[in-house]
Each structure stands twice: as structure tokens, then as C-alpha cells.
Amino acid sequence: MSVHKLYRDMKSQGISLSKDTLYEYIEYLHEAYIIFPVVKYSQSVRVQTQNPSKYYVIDTGLMQPFVPDTRQDWGKKLENAVYLHLRINRQNEDIYYFKNKFEIDFVYNFKNDLYMMNVAFEVNDTLTAERERSGLLEGKQHFPDARTGLILNDWQPALIPNHIQVLPAWRFLIGEA
């Protein structure tokens, strides 16, 4: 979730709310540990503050008002679960996203290594595979020593090149990967 997207969604539903008020409410939710902001990965604090944050919720059940069809957005729910796992089980509060031309969902340090991970519920078509692969390849150009991987629930092995590590989501979430 991004504040700008939430603002546009609310505006399209006829809800009158200023962006400043929305930011204020978001800050209240952050202070109450209901949502967690993730900033863009950069050495520059200015770049981090000038780019929009992504937000994750403490409980994916809180996403229900925004996604009334429970069969939709499994990818967002899995991404949220991975974020919570990184934050709680890996005890890592310094979690970022990276975006240049493509986006990488999570950039974090673990045991003195830099990790860049994308999350998708399924990769069963070439368009999704290309999007996930391109983000990781672009990240490797900027950070050649980073460990990269895809955390996936379901995928077609033929769509993922051998040089990209695939981590089954269930293994990652129970700490085996």
C-alpha cells in the first residue's frame, strides 16, 4: 500500500479527505504498530524521504475493507507475510524496497550479507516471470555482491532461469530457507 494510491482510491470512491489528513492518520496507525513503513533503499536520507514509502499491516485481515474479494491479492498478502517474517523472526527492522526501472520488494541485511528478494504468489506466465526476473537483474547491476532470490508459492520451473534462486514461500516462512 502507498499513501498516494490509497488517497486516489478514496477520492475515486467519493471520500473527501486531504492528503495531509491521510498522512496524519497513517502516522497514528504507525505509532500504534498497526502498519509499518518501508522506505526506498538508498545511502541518501534525502532520497529515502522524498520517495513514497510502502506500508505493511500487522494483520492481513486488516486488508479486508480494501480487498473485499478474499480470493484476490494473494500476492500482496504473501508479500505482507514475508515482511512480518523478516521483521519478527529475522529481527530486522532495517527493511527497504528498491526501485529504479523495476522494483525489488525487499532489501535487507542478514548475517552481514545484503539480500534482495522479490515475492510473488505464483509465476505461471512469462509476463510475471519477466517482471520478477528483471527487478532482480537490475538490482544485481547496482549491488553485484547482493544475494538475490524469488520467494514464491507456485511457479513453473521453466520460466525461472537457473541462476535465480527460488525459495518456496512455506520454507522461507518457517525459517528453512
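The values are calculated or read from the model by the stated rules, or taken from the named source; none is laboratory data. Predicted model, so just to flag it, every value in this text is computed and none were measured. Glycine also receives a Cβ, built like all others from the backbone with ideal geometry; neighbour counts cover every protein chain displayed.
Structure values in brief
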item: Residue pairs meeting the criteria (Cβ under 6 Å; at least 6 apart or on separate chains; first under 23 Å from residue 50 (Cβ atoms), in segment 2-17; second of a type in the set (D, E, K, R) and assigned to a helix (DSSP H, G or I)); result: 7/19
item: Residues satisfying the stated conditions in segment 128-141, i.e. farther than 19 Å from residue 168 by Cα and either at pLDDT below 90 or under 15 Å from the mean Cα position of the chain (by Cα) (or both); result: 139
item: Pick from segment 50-64, criterion modelled with pLDDT of 85 or more and not in a loop (DSSP other than H, G, I, E, B), ranking: farthest from residue 95 (Cα to Cα); result: 50
item: Tally of residues being surrounded by 12 or more Cβ atoms within 10 Å (Cβ to Cβ) and modelled with pLDDT under 70 across segment 67-89; result: 1
item: Residues satisfying the stated conditions in segment 138-155, i.e. without any contact (Cβ under 8 Å) to a residue 40 or more places away in the chain and either exposed (fewer than 15 other Cβ atoms within 10 Å of the Cβ) or among the acidic types (Asp, Glu) (or both); result: 138, 141, 144, 145, 147, 154
